[in-house]
1. Quick test for you: out of Ile75, Ile83, pick the one residue that is touching a Leu at 6+ places or on another chain (Cβ under 6 Å), surrounded by fewer than 21 Cβ atoms within 10 Å (Cβ to Cβ) and over 19 Å from Asn50 (Cβ atoms).
2. Exactly one condition in (1) farther than 30 Å from Asn27 by Cβ; (2) at pLDDT 90 or above; (3) of a type outside the set (Lys, Arg) is not met by Ile210; state its number.
3. Being surrounded by 15 or more Cβ atoms within 10 Å (Cβ to Cβ) and aromatic (Phe, Trp, Tyr) is the filter here, so list the residues in region 153-186 that pass it.
4. Please state which of the following conditions Lys346 fails to meet, knowing it meets all the rest: (1) without any contact (Cβ under 8 Å) to a residue 60 or more places away in the chain; (2) of a type in the set (Lys, Arg); (3) farther than 14 Å from Lys260 by Cα.
5. Restricting attention to strands (runs of 3 or more DSSP E) lying wholly within region 85-188, give those where 1 or more residues are over 19 Å from Ile45 (Cβ atoms).
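The values are calculated or read from the model by the stated rules, or taken from the named source; none is laboratory data. These numbers were taken from a predicted model, which means no experiment stands behind them. Note that each Cβ is placed from the backbone with ideal geometry, even for glycine, and that neighbours are counted across all protein chains shown.
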Amino acid sequence: MVLFCLNVLFAQKDFTMCAGNISISPNVSYQLKFKGKIGKDKSGIQSYCNLPIASNNLIWLQFNPPHDGQMNLEISSYVDSLIIFVFETNATEYCPSIASKKALLVSCENRGAGDTVVPTYNCFTNKNYYIALHAQKGKTPLLDLKLNYIPLTSDGRLLKDSLLLNLAYNRSAPVYGIHFRDELTGFPVIAKLSLVASSLIDGSYRGSDILVNNQRKLKATLRIDAEGYYSRDIFNHPISSTTQHDTIYLNPITHGAITKLDDIYFAGGLAIILDESMPRLKRLKDFLLLNPSISIEVQGHVNDEGGNSLSSQRLSKKRAKRIVDYLISCGIEQERLSAVGLGNTKPIFANPETEEQKEANRRVEVKIK
């Protein structure tokens with residue numbers, strides 16, 4: 001199994017302006033840092049309420065709810081005072097509607113470091129929501145932020161996003177069912193499933209609950225992708241010849257995690273990717289295409305028994321760069337990708353004694369920026 005833990009705020013050129021806003025995913029933790037701007041703000045948000053905006057030291061975020069529901073901003077910071085604006089615009093209107101005073105001001109609040117009351121706002125699927133965070137002029141505080149979002153039905157009940165794909169047309173035959181759920185909440189997750197086991201059931205499927213007829217004992221390969229979740233690969237998964245139901249739990253993507261990119265091979269001492277690496281690199285490419293708000297840092301590591309030489313750092317950087325070049329050639333935007341070479345500064349085994357331990361030190365990892 002491989003997990004790509006890759007949700008992220010990728011750095012636009014200037015997220016202190018509304019046009020450079022960062023699209024965020026709901027119920028995911030982020031760490032933000034102000035740029036410490038000192039110039040005057042020209043966005044026009046000062047006209048919406050009486051709270052003082054002393055500069056353009058802002059961070060602009062954007063969120064489009066997939067369903068009607070409720071949201072709130074959970075923020076922790078060492079900054080004494082933080083001004084928060086929440087704007088609502090129509091789905092076809094963007095930042096200019098804020099500057100032209102056509103946007104609806106949902107909230108304007110001055111939140112202190114000790115405040116524990118978090119206002120909750122209604123949100124709607126056909127609307128855009130822009131969030132402007134303002135810190136004091138010239139300050140560069142760090143924030144931990146999460147946009148908590150709950151989808152609701154029209155009568156106010158919790159909406160569970162599910163999709164049943166029922167291909168078990170023969171009611172008298174055994175059924176194989178596979179069900180995808182959120183690891184944290186247990187709610188259904190709509191995912192794409194690539195199933196390889198037998199020509200009778202092989203295929204690509206999409207749903208939170210998938211049912212097919214099967215009358216054979218099989219060993220299956222499952223490749224599972226869902227937007228906002230880690231990809232998951234399962235090999236030699238047993239499927240019986242009788243009715244069977246499996247529940248696969250998917251982990252929501254989180255900020256800051258690092259995971260090894262398995263099955264990546266290079267020519268000895270060189271930055272040449274071997275063909276055996278292609279299946280795994282294609283999975284990483286597919287993951288990034290499925291999650292367009294994600295950017296990653298590719299980290300190269302080598303096993304240098306002489307310590308951490310300059311040559312080992314250069315080789316690890318070149319190898320990481322080769323992976324970035326491959327992803328760019330597949331259409332992934334360059335600004336979402338970066339490469340670093342860590343040489344032998346972070347070995348898994350500080351004093352490797354076996355070839356397996358040396359191989360473990362020679363690795364590629366991916367990290368959220």
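1. Numbers: Ile83 fails: over 19 Å from Asn50 (Cβ atoms).
Every option except Ile75 fails the conditions.
2. (1)
3. Within region 153-186, Tyr176, Phe180 meet the criteria.
4. Of everything listed in (1) without any contact (Cβ under 8 Å) to a residue 60 or more places away in the chain; (2) of a type in the set (Lys, Arg); (3) farther than 14 Å from Lys260 by Cα, Lys346 misses just condition (3).
5. Values: elements: 104-112, 121-123, 127-134, 142-151, 164-167, 175-182.
Passing ranges, in order: 104-112, 121-123, 142-151, 164-167, 175-182.
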